[in-house]
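The values are calculated or read from the model by the stated rules, or taken from the named source; none is laboratory data. This is a predicted model, so every value here is computed, not measured. Ideal geometry is used to build each Cβ from the backbone, glycine not excepted, and the neighbour counts take in all protein chains shown.
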Amino acid sequence: MFPMVKWEKITIGVFILLNFKNLDVLIDLALSEDLGSDGDVTGNAIFSEELYSFRLISKDEGILCGIDVFEYVFHRIDKDLKIKKFSIDGNKIRKGDIISEVSGKVSSILAGERTALNFISHLSAIATKTSIFVEEAAGKVKILDTRKTLPGYRELHKYAVRCGGGQNHRMGLFDMVMIKDNHIDAAGGITQAVDKVRARWGNKYKIEVETRNLQEVKEAIAAGADIIMLDNMDDETMKKAVELINKKALVEASGNMTLERIKSVAQTGVDFISFGELTNSVKAFDFSLKEVK
């Protein structure tokens with residue numbers, strides 16, 4: 001199992017979102033870039049204290065993620081808005097499902113509409129894509145994310161992956177040692193790189209080593225790596241690598257991985273397959289916020 005960051009844990013729906021304070025910063029930034037110094041000049045000119053109700057309706061099919069963030073956006077604008085939630089993160093949703101109802105001052109609702117929709121659309125897209133990959137894996141191999149996330153969105157992206165049934169790789173550069181090709185080449189080899197890490201940190205962090213061929217796999221095993229990454233290898237080479245490792249370390253397949261390859265890669269015996277596309281290549285999940293007539 002990959003290590004999780006030991007930060008403050010806040011329960012969001014049935015999942016865990018880390019370091020909730022950063023969410024305030026991200027939401028406030030998003031609202032600031034939309035509202036500027038004068039706020040919603042259209043909505044504020046047309047409306048005053050009028051009260052309305054709007055429903056969040058799914059226009060796609062997939063996995064919901066971000067409903068609590070959606071609510072939180074509106075409450076950053078107006079704490080008096082009433083939010084009813086009819087589904088929670090991790091649930092399967094279908095086109096036409098009513099996900100939430102927002103009631104209160106229409107000027108407040110319209111001021112937060114786009115920002116709230118942006119968050120829930122993006123996060124639900126990640127959760128939905130992850131669920132497709134997890135389903136394809138059928139329990140034969142675990143699906144991991146990577147650090148290929150939008151700046152500032154790392155925690156939310158990784159949270160969305162968990163909502164979709166995937167697992168998180170390291171959160172950043174600070175919570176696990178990952179010795180990649182550039183480290184290896186600059187250090188003079190895998191053995192030298194691992195030795196230097198052990199000398200600096202002892203056993204404080206798990207050590208993962210990226211390998212490009214079977215010779216490097218053998219060196220990573222001898223160096224005592226906890227996790228060995230098989231980078232850009234074909235299925236036959238990965239199978240040989242897994243046989244060499246023989247459960248002396250966990251094994252991650254990475255590089256040139258696709259949805260179509262999951263089943264064949266799983267048959268090689270690796271423990272994990274990591275995909276950058278879970279977080280960096282998604283199409284927004286379609287929602288609409290419509291007034292209740």
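General remarks:
- Test: Leu150 is assigned by TED's automatic domain parsing to the domain that holds Ile262 and part of a helix (DSSP H, G or I): no
- Filter result for Phe70 (closer than 21 Å to Asn44 by Cβ, among the aromatic types (Phe, Trp, Tyr), touching a helix residue (DSSP H, G or I) at 6+ places or on another chain (Cβ under 9 Å) and in the same structural domain as Asp286 (by TED's automatic domain parsing)): no
- Unmet criterion (only one of (1) surrounded by fewer than 19 Cβ atoms within 10 Å (Cβ to Cβ); (2) within 24 Å of Phe285 (Cβ to Cβ); (3) at pLDDT below 95; (4) of a type outside the set (A, V, I, L, M)) for Glu61: (3)
- Boolean, Ile16 is surrounded by fewer than 14 Cβ atoms within 10 Å (Cβ to Cβ), under 17 Å from Cys163 (Cα atoms) and either touching a strand residue (DSSP E or B) at 6+ places or on another chain (Cβ under 6 Å) or at pLDDT below 95 (or both): yes
- Qualifying residue in the stretch 127-146 (condition: in contact with a Pro (Cβ under 9 Å, 6 or more places away or on another chain), buried (at least 18 other Cβ atoms within 10 Å of the Cβ) and either assigned by TED's automatic domain parsing to the domain that holds Gly276 or without any contact (Cβ under 8 Å) to a residue 60 or more places away in the chain (or both)): no
- Residue match in the stretch 260-268 (condition: β-branched (Val, Ile, Thr), touching a Lys or Arg at 6+ places or on another chain (Cβ under 7 Å), farther than 30 Å from Thr115 by Cβ and in a loop (DSSP other than H, G, I, E, B)): yes
- Subset of the stretch 230-253 that is in contact with a Ser or Thr (Cβ under 6 Å, 6 or more places away or on another chain) and free of Cβ contacts under 8 Å to residues at least 40 places away in the same chain - its residue that is surrounded by the most Cβ atoms within 10 Å (Cβ to Cβ): Met238
- Of everything listed in (1) among the β-branched types (Val, Ile, Thr); (2) out of contact with any helix residue (DSSP H, G or I) (no Cβ under 8 Å at 6 or more places or on another chain); (3) not in a helix (DSSP H, G or I), the single unmet condition for Thr128 is (3).
- Checking the stated criteria, Tyr159 turns out not to satisfy the condition of being of a type in the set (Phe, Trp, Tyr), closer than 30 Å to Ile126 by Cα and not in a helix (DSSP H, G or I).
- Considering residues of the stretch 254-293 that are small (Gly, Ala, Ser) and touching a His at 6+ places or on another chain (Cβ under 9 Å) only, the residue surrounded by the fewest Cβ atoms within 10 Å (Cβ to Cβ): Ala284
- Residue check: Val102 meets all listed conditions (1) surrounded by 21 or more Cβ atoms within 10 Å (Cβ to Cβ); (2) under 25 Å from Glu155 (Cβ atoms); (3) out of contact with any strand residue (DSSP E or B) (no Cβ under 9 Å at 6 or more places or on another chain) but one, namely (3).
- The residue of the stretch 235-260 that is farthest from Gln215 (Cα to Cα), among those that are in contact with a helix residue (DSSP H, G or I) (Cβ under 8 Å, 6 or more places away or on another chain) and among the basic types (Lys, Arg), is Lys248.
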